1. How compact and how long is the stretch 27-185, expressed as Rg and Dmax of its alpha-carbon atoms in Å?
2. Quick one: 252, 166, 175, fewest Cβ neighbours within 10 Å first, how do they rank?
3. Tell me, 30, 117, 91, 67 in order of fewest to most beta-carbon neighbours within 10 Å?
4. Roughly what % of DSSP beta bridges within the stretch 33-108 run antiparallel, to the nearest 5?
5. In which sequence would 191, 53 go, from the one with the fewest C-beta neighbours within 10 Å to the one with the most?
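Bear in mind that the values in this text are calculations on the coordinates, not laboratory data. Model, not experiment: these values are computed from the prediction. Ideal geometry is used to build each Cβ from the backbone, glycine not excepted, and the neighbour counts take in all protein chains shown.
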């Protein structure tokens, strides 16, 4: 993978991960997520970090020390070998039992983790415990966009909704604005859990991923992401416009909260 130095202007850092983590979908999600983070400082923890793909960007934005946490030892070893030159550490641990001191972290990233854990409140309690006062938490979860909502709503009423109608069969749940079927958790329920654990919500964004089948059929778009930035920016603009009209309907929902 090409080196992305934190000094000087380099190619967009996320381009190396586009083919590996879902093409334009990943690219749009990560752009939307990092639009919520300007300058950072102090200690940042990235829960479910895989190989630490957000490490260099957080360091570039001012993070003093990056801690990547994941349960996959292979991913962590790979991340540590690639990031040995920056201030970082990689720890194998569960999101429900973080080996960090209370009130020790300035920024928490928890991207697409909660849906994999049976008890969604357990990691939120741990996140709240390790956050300093006024620290920032940015989390994302898979949710129903407008098209999937209408399809699943009709299927639920007709009694033909699949047992696990999720994007990934490893998910314990996915989220939606309205409570129409027990297989989905409402975003309002998630907000209440956050607020009950001293996390004040300051922003919520719907990430409207635009991936028509014709784009997915052209594998070069995914294999050569550097050449499709204009297309991605166009799709991102369309997604932003849709997000403003249907702010509670996105394929992913990003919530930003501050520790009170």
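1. Gyration radius and largest Cα-Cα distance of the stretch 27-185: 17.3, 56 Å.
2. Numbers: 252 24, 166 16, 175 21.
By the 10 Å Cβ count, ascending: 166, 175, 252.
3. Details: 30 22, 117 18, 91 14, 67 26.
The order, fewest Cβ neighbours first, is 91, 117, 30, 67.
4. Numbers: 0 of 12 bridges.
Of all bridge pairs located within the stretch 33-108, approximately 0 percent are antiparallel.
5. Numbers: 191 15, 53 23.
The fewest-first ordering by Cβ neighbours comes to 191, 53.
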